[in-house]
Amino acid sequence: MNLQVWLRPELDGPFPGGRVVRLHPVILASIVDSYERRNEGAARVIGTLLGTVDKHSVEVTNCFSVPHNESEDEVAVDMEFAKNMYELHKKVSPNELILGWYATGHDITEHSVLIHEYYSREAPNPIHLTVDTSLQNGRMSIKAYVSTLMGVPGRTMGVMFTPLTVKYTYYDTERIGVDLIMKTCFSPNRVIGLSSDLQQVGGASARIQDALSTVLQYAEDVLSGKVSADNTVGRFLMSLVNQVPKIVPEDFETMLNSNINDLLMVTYLANLTQSQIALNEKLVNL
């Protein structure tokens, strides 16, 4: 018997090269939050993945959960809710496209094939993301798949899910939240408070000082002959030094004090406005 594999048309651009799915931290946080808030008796939650497509990968930047009901015999998904939510997201982020869908759990079920078929009508060659919220192997396994039609020509066709490479990326603003969450690993009760602005500045200054100490020690070791010179490191350090603006110390101090005064003035005015609003509300309620 001559067995042929029939392939679904590929999504333009991303998968022929690196087959990489890039996830942002907000995706995982949103999926876990949806799982914790699921309806009583629900085994898993599903939702739509949104993001952008480039030449070699897809970048998942947003998502939302979709209500659904599952039993052993059937599955029902609120497609109207999914469409309305996507229309609302388009008003805020018009560049985000439907990339696929997610589901909690460690395996792909028969119902997953039916749900995937719906998303195939919404996006060409959608991705399917699974997040193991049950922590079966002691960790949250995260996998991504793309489907491929296969079977004998003229007969019933089947679907095969091919795994994709999953990588994690983040914006600078997301890094702050990720670093804060990671600190809870070292807390006995898994709780940690937010740092004040002054503490964050102090921490950043301490890290810069440590980095400068490391660079100075390396330079001293090279000059003393303890470490052989590396041209690549030297060029990098030279480029770094050239990027530092040349400012007279007195001018820098004047600029810093001026900015601090502006900041204190804005803070004072904001607090004054807040107090006036609170006072006005109490007078109105009298």
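The values are calculated or read from the model by the stated rules, or taken from the named source; none is laboratory data. Predicted model, so just to flag it, every value in this text is computed and none were measured. Quick reminder, even Gly has a Cβ in these numbers, built from the backbone with ideal geometry, and neighbours come from all protein chains shown. Ligands, DNA and RNA are stripped out before the accessible areas are found, and what is left, the full protein with its side chains, is counted by its heavy atoms. Shrake-Rupley method; radii C 1.70, N 1.55, O 1.52, S 1.80 Å.
Within segment 216-226, is even one residue within 36 Å of the chain's Cα centre (by Cα) and surrounded by 10 or more Cβ atoms within 10 Å (Cβ to Cβ)? Even if it seems obvious, please write down each step before you answer.
Residues of segment 216-226 within 36 Å of the chain's Cα centre (by Cα): 216, 218.
Cutting the leftovers down to surrounded by 10 or more Cβ atoms within 10 Å (Cβ to Cβ) gives us 216, 218.
Checked against the condition, which is being within 36 Å of the chain's Cα centre (by Cα) and surrounded by 10 or more Cβ atoms within 10 Å (Cβ to Cβ), segment 216-226 yields at least one hit.
Count of segment 90-117 residues, restricted to those that are open to solvent by less than 30 Å² (accessible area, probe 1.4 Å), part of a helix (DSSP H, G or I) and over 15 Å from SER65 (Cβ atoms), is 3.
Hey, does segment 136-152 have a residue that's outside any strand (DSSP E or B) and open to solvent by less than 10 Å² (accessible area, probe 1.4 Å)? Scanning segment 136-152 turns up no residue that is outside any strand (DSSP E or B) and open to solvent by less than 10 Å² (accessible area, probe 1.4 Å).
Restricting attention to segment 188-199, the residues that are of a type in the set (Ser, Thr, Tyr) and either surrounded by 11 or more Cβ atoms within 10 Å (Cβ to Cβ) or farther than 20 Å from ILE260 by Cβ (or both) add up to 1.
Within segment 172-187, residues that are more than 15 Å from GLN200 (Cβ to Cβ) and open to solvent by less than 100 Å² (accessible area, probe 1.4 Å) reach partners that are part of a helix (DSSP H, G or I) and not acidic (Asp, Glu) with beta carbons closer than 6 Å, at six or more positions or on different chains, in the pairs GLU174/PRO25. One residue is enough: does segment 235-244 have a residue meeting the conditions in a helix (DSSP H, G or I), at pLDDT 85 or above and in contact with a helix residue (DSSP H, G or I) (Cβ under 8 Å, 6 or more places away or on another chain)? Yes, there is a match, as at least one residue in segment 235-244 is in a helix (DSSP H, G or I), at pLDDT 85 or above and in contact with a helix residue (DSSP H, G or I) (Cβ under 8 Å, 6 or more places away or on another chain).
Restricting attention to segment 124-135, the residues being open to solvent by less than 10 Å² (accessible area, probe 1.4 Å) and either closer than 16 Å to LEU28 by Cα or in a helix (DSSP H, G or I) (or both) number 6.
Evaluation of ARG121 against the conditions (1) open to solvent by 50 Å² or more (accessible area, probe 1.4 Å); (2) outside any loop (DSSP other than H, G, I, E, B); (3) farther than 26 Å from LEU149 by Cβ shows that the sole unmet condition is (3). If we keep just the residues of segment 200-215 that are closer than 30 Å to HIS24 by Cα and surrounded by 11 or more Cβ atoms within 10 Å (Cβ to Cβ), which is farthest from the chain's Cα centre (by Cα)? Top of the filtered list is GLY202.
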